[in-house]
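To start, the structure under review is shown below, and the notes come after it.
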C-alpha cells in the first residue's frame with residue numbers, strides 16, 4: 001500500500017468563494033492544455049486555495065472554473081496533499097481529474113521489502129533519489145533527531161541501547177518520496193510511518209503488558225524472527241524461542257547463539273553473510289563481535305527491519321517449551337526442540353532434505 005507522506009487534506013471551508021482569485025470572470029480553457037506546470041496542494045487546502053494555486057500557475061483560466069468543477073465532482077475532496085505535474089491552460093475539470101490521479105504526483109516511489117537491513121535501505125534510497133548514500137548514513141546516526149521518542153531507547157534487561165542505530169525503525173512499505181527531499185527528511189518520513197504502524201497494532205502497550213519487556217527488546221526479537229523464519233506461521237514461535245533463551249534462565253549462557261546475528265555483524269563490516277557450515281569459530285565467537293554466539297541477553301540492536309507479521313509475532317507469542325529451531329526442508333518448514341538432542345534429530349532431518357547446515 002502506497003503511503004501518502006503528506007497526510008489527508010484537512011476539513012474546513014471547502015468552497016469559500018469570497019477569496020477565489022478571478023472568481024467573477026469564470027472563464028475556462030477549452031483544450032487539454034500543453035507544456036508543464038508543477039503545483040503544490042498543501043495540507044488543509046480548500047478547493048478555493050487549490051483553485052487559486054492553479055490560477056497563479058497558469059493551469060486554469062479562472063479560479064471560479066475550478067471551484068465549479070470541484071463542486072460538481074464528489075471526488076474532489078479526495079485530492080491528496082503533495083506536488084503534481086499538470087499542464088498549462090487546461091480545462092478546469094481536466095485539471096481536477098489530473099489532481100485525482102496519483103500517477104501525476106511529482107514523486108518517486110521506493111519499496112522496502114521485509115527483512116532488509118538499514119544498509120540495504122540506504123542503497124535503495126540512494127539509487128532512487130540520487131542522494132549520496134553517505135548522507136543517509138550520516139542522518140541515520142541520530143534517530144532521536146529524526147523523531148524517535150525516548151521510550152524506544154530504553155531496555156529492561158540492563159543492556160545499553162545504541163542510540164546511533166536506526167536498525168529496526170525503517171518499516172517495510174512502499175513510500176512516496178518528494179522530488180526535493182533530503183536524506184534527513186526522507187528518514188523522518190520513515191520514522192513517522194514506523195511510529196504510526198506501531199500505534200496501529202498497539203505494539204508498545206502489548207509488549208509491556210504481556211511480556212514485561214521493553215518495546216526495543218521485542219523489536220529486536222521481531223527483527224531476528226523476520227530473518228530466521230521463512231514462513232509467516234513461524235514468526236511468533238521463533239520469537240518465543242528467543243525469549244525462552246534469554247529471559248527464562250533455563251538456557252545455558254542466556255544467549256541467542258544464532259548465525260543470523262553473526263552474519264549481521266559481518267555485513268556491518270562490509271563482508272558477505274555466510275551459511276551456517278561456512279562460519280568460522282573466530283567469526284562466531286570473536287570477542288570484538290558484539291553480536292557473537294554467546295553474548296548474554298537479546299541482541300544489542302535489531303538485525304533487520306521487520307514487517308507486520310514478524311512484529312505481531314513478537315508482541316505476544318504463544319508460550320512453548322522450545323529452545324531450538326531449524327529449517328528442515330526447502331519449503332521453509334521449521335522444526336522445534338526442547339533439548340539439544342531433539343535439535344540434533346531435527347538437524348539430521350534437515351540434512352537429509354538437502355538443507356546446507358551440516
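Against the conditions (1) part of a loop (DSSP other than H, G, I, E, B); (2) within 14 Å of the chain's Cα centre (by Cα); (3) buried (at least 17 other Cβ atoms within 10 Å of the Cβ), residue 159 satisfies every one except (2). Here is a list of conditions, (1) out of contact with any strand residue (DSSP E or B) (no Cβ under 7 Å at 6 or more places or on another chain); (2) surrounded by fewer than 23 Cβ atoms within 10 Å (Cβ to Cβ); (3) at negative phi, and residue 212 meets all of them except one; can you say which number that is? Among (1) out of contact with any strand residue (DSSP E or B) (no Cβ under 7 Å at 6 or more places or on another chain); (2) surrounded by fewer than 23 Cβ atoms within 10 Å (Cβ to Cβ); (3) at negative phi, the lone unmet condition for residue 212 is (3).
Checking each residue in the stretch 284-310 for being within 19 Å of residue 244 (Cβ to Cβ) and in a helix (DSSP H, G or I) picks out only 310.
Restricting the stretch 173-218 to residues that are in a loop (DSSP other than H, G, I, E, B) and within 30 Å of residue 248 (Cβ to Cβ) leaves a set whose member that is nearest to the chain's Cα centre (by Cα) is 201. Are any residues in the stretch 132-154 in a loop (DSSP other than H, G, I, E, B) and at pLDDT below 95, and if so, which ones? Selection gives 154 alone.
Criterion applied to 356, 317 was being closer than 22 Å to residue 216 by Cβ, touching a helix residue (DSSP H, G or I) at 6+ places or on another chain (Cβ under 9 Å) and not in a helix (DSSP H, G or I), and the one residue passing it is 317.
Take the conditions (1) in contact (Cβ under 8 Å) with a residue 40 or more places away in the chain; (2) on the phi > 0 side of the Ramachandran plot; (3) more than 30 Å from the chain's Cα centre (by Cα); residue 354 misses just one of them, which is (1).
For the stretch 135-156, state whether one or more residues are surrounded by 16 or more Cβ atoms within 10 Å (Cβ to Cβ), under 23 Å from residue 221 (Cβ atoms), in contact with a strand residue (DSSP E or B) (Cβ under 7 Å, 6 or more places away or on another chain) and touching a residue at least 24 places away in the same chain (Cβ under 8 Å). Within the stretch 135-156 (the criterion being surrounded by 16 or more Cβ atoms within 10 Å (Cβ to Cβ), under 23 Å from residue 221 (Cβ atoms), in contact with a strand residue (DSSP E or B) (Cβ under 7 Å, 6 or more places away or on another chain) and touching a residue at least 24 places away in the same chain (Cβ under 8 Å)), the answer is no, since none of the residues qualifies. Within the stretch 247-262, the residues that satisfy the criterion of being over 27 Å from the mean Cα position of the chain (by Cα) and either buried (at least 22 other Cβ atoms within 10 Å of the Cβ) or part of a helix (DSSP H, G or I) (or both) are 247, 252, 253, 254.
The values are calculated or read from the model by the stated rules, or taken from the named source; none is laboratory data. Quantities reported herein were computed from a predicted structural model and do not represent experimental measurements. Cβ: placed from backbone, ideal geometry, glycine included. Neighbour counts: every protein chain shown.
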